[in-house]
Structures are given as structure tokens and as C-alpha cells.
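Enquirer: Quick one: this structure, given as C-alpha cells, is what I'll be asking you about.
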Amino acid sequence: MKKTLIFLTAVLVLVPGFMFSDVVTFKVGYFFPRADSDLWQDEFDNMMFTKTGFQDSNFGFGYEYFLSNQLSVVFNVEGYSKNKLGQYENFVGIEDVDGDWAYPTDFVPDFIPTHTFSVSITPIQLSLKIAPLGRRQKIIPYVGGGAGLYIWNVRMWGDLVDLSDPWVDQDWDVEIYPIYPVDAREENKLKVGFHAFGGIMVPVANKISFEAEFKYNFAKGELTEAFEGFEPFDLSGYQISVGLNYWF
């Protein structure tokens, strides 16, 4: 719900600019997170998560103001959010009077330790866009890039196997780990990032065109107390999108 409100608020902030814009765009895309930082990697190594499992559709909105026939300024808002519930790959849960413990998978479990990993990224971007052939063509290729303010969240809740605190079950001569409840989160964090894109626009009717676009985003967000000891969280990724343009 918070992510939706952030997205709608950003759209409303842009609405007053409509009277000055030449194109309004609504688009739908598919986001592929790069996921190249140690918190991401810990989840992939220890949980039944995969990088492809965090790919998902996203939606975007923007408006474009033309400075000339070839050059324009673009304001854009996009949103990506993914929640995944997963179980630990190499452990089962055993309950005893001293608490909950993670044992190897060949033991008969009392429960399966699981947690949810949630990531959302909402960039608000300002770009320069170049259409080398101009905008009065049957096919309008373009490239561009710029900077943006990335609103991001990451959260983990459920069971946490503390792999930094190994114990030994003397009866079975096996290494075990304590399991704790966890609800760690970084919410509504802000980070400046960068992006580059390219695509084509194809006019199909008076004041209407379709577009297809490839974009790469680059940003990393600092993690604080909730995930102390981890390196900056990778917010980067690329997306492929299609959109509907309305020309003023």
C-alpha cells in the first residue's frame, strides 16, 4: 500500500506540468534486477530463491517537453516491487527446550524455517532524450539518459538461521545453528542513481504513438542498523517496456 501511495504522489506532483508537455506516456515493462551485492547473494546462497524469481512487471508514467525537433526533457516515474516467501535450502527446524535450531536436511523436521524477502524500487527520473532523425518520422528512434531519485525498501521477516553462531549437538555429533524470529527492514530510503535508455516511437494515429524501450538503471543504497555489516544494496537493473504516447 505504501509503495502505491508513493507512486501516486509522484504522479500528482507531475500533473501541473501537463500544460507545458508535448507527450504524456503510460507504459508497462518487465524489470530484471542485477542483484549484485552481498545481501542479495546471501539470500540466493541460503534460501530457495533465484535471481529470476525476483524479475517482475512494472509500470511507468512520464511526460516529455520538447526543446527542439531532436531534443527533449523527460520526467518519468516507475515502480517495481517483489515479495518472495522461501525456505532455507540446507536446513530443517528442530524444536527443543532451549529454542529452535537448524539441523541438516536428513533429520526429521518439526518445522521448515522460512522467511519472506521483499524489495521495492521507485525511481523518479529526469532525462535528456535525443531523437536523431527528429520527431516527424514514421519510426522515431531515440536515446537518452539522466539521473533520478530512487525511493527504495528492503525487508526480511520470518525465520532467521544465524549462521554466524554454530553449535554442536553432542548426541548426534552434528553442527547446528540457532533460529530466531526476524523483522528487519529499511523503509522509504532515498538514493540518487543514474540511467540510460534507447528505443523507438511509432505513430499510429493522430496524436497517438506506441513506443518500445530498453533502459538500464544504476544505483546502490546504504544499509543501516537493520542489516548491519552488509555492503550497499544493489538497486540496479534493466527493463524492457512498451508504452502508449499521447502527443499534445
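Enquirer: Which condition number does PHE194 fail, the rest of (1) at pLDDT below 95; (2) in contact with a strand residue (DSSP E or B) (Cβ under 7 Å, 6 or more places away or on another chain) being met?
Expert: Going through the list (1) at pLDDT below 95; (2) in contact with a strand residue (DSSP E or B) (Cβ under 7 Å, 6 or more places away or on another chain), PHE194 breaks only (1).
Enquirer: Under 8 Å between Cβ atoms, which residue pairs at least 6 apart in sequence (or on different chains) link something in the range 209-221 that is buried (at least 20 other Cβ atoms within 10 Å of the Cβ) with a partner that is outside any strand (DSSP E or B)?
Expert: These pairs meet every condition: ASN217/LEU235; ASN217/SER236; ALA219/LEU235; ALA219/SER236; GLY221/PRO232; GLY221/LEU235.
Enquirer: Would you be able to say whether some residue in the range 96-113 is over 27 Å from PRO203 (Cβ atoms) and among the hydroxyl-bearing types (Ser, Thr, Tyr)?
Expert: In the first step, residues of the range 96-113 are kept if they are over 27 Å from PRO203 (Cβ atoms); the result is 96-113.
Applying the additional criterion that residues be among the hydroxyl-bearing types (Ser, Thr, Tyr) yields 103, 105.
The answer is yes; a qualifying residue exists.
Enquirer: Show the residue pairs meeting these rules: Cβ distance below 9 Å; 6+ apart or different chains; first residue within the range 18-36 and crowded, with 21+ Cβ neighbours inside 10 Å; second residue modelled with pLDDT of 95 or more and assigned to a loop (DSSP other than H, G, I, E, B).
Expert: Qualifying pairs under 9 Å: PHE31/GLN55; PRO33/LYS51; PRO33/GLN55; PRO33/LEU235; PRO33/SER236; ALA35/LYS51; ALA35/SER236.
Enquirer: It is to be established whether one or more residues within the range 65-72 are within 24 Å of the chain's Cα centre (by Cα) and either among the aliphatic types (A, V, I, L, M) or over 30 Å from LEU149 (Cβ atoms) (or both). Show your work before the answer.
Expert: Here is the first cut: in the range 65-72, the ones within 24 Å of the chain's Cα centre (by Cα) are none.
Scanning the range 65-72, I find no residue that is within 24 Å of the chain's Cα centre (by Cα) and either among the aliphatic types (A, V, I, L, M) or over 30 Å from LEU149 (Cβ atoms) (or both), so the answer is no.
Enquirer: Look at the range 131-176 and say how many of its residues are without any contact (Cβ under 8 Å) to a residue 60 or more places away in the chain, under 24 Å from VAL119 (Cβ atoms) and either in a loop (DSSP other than H, G, I, E, B) or among the acidic types (Asp, Glu) (or both).
Expert: 2
The values are calculated or read from the model by the stated rules, or taken from the named source; none is laboratory data. Keep in mind it's a predicted model, so treat the numbers as computed, not measured. Using ideal geometry, Cβ is built from the backbone for each residue, glycine included, and neighbour counts are taken over all protein chains shown.
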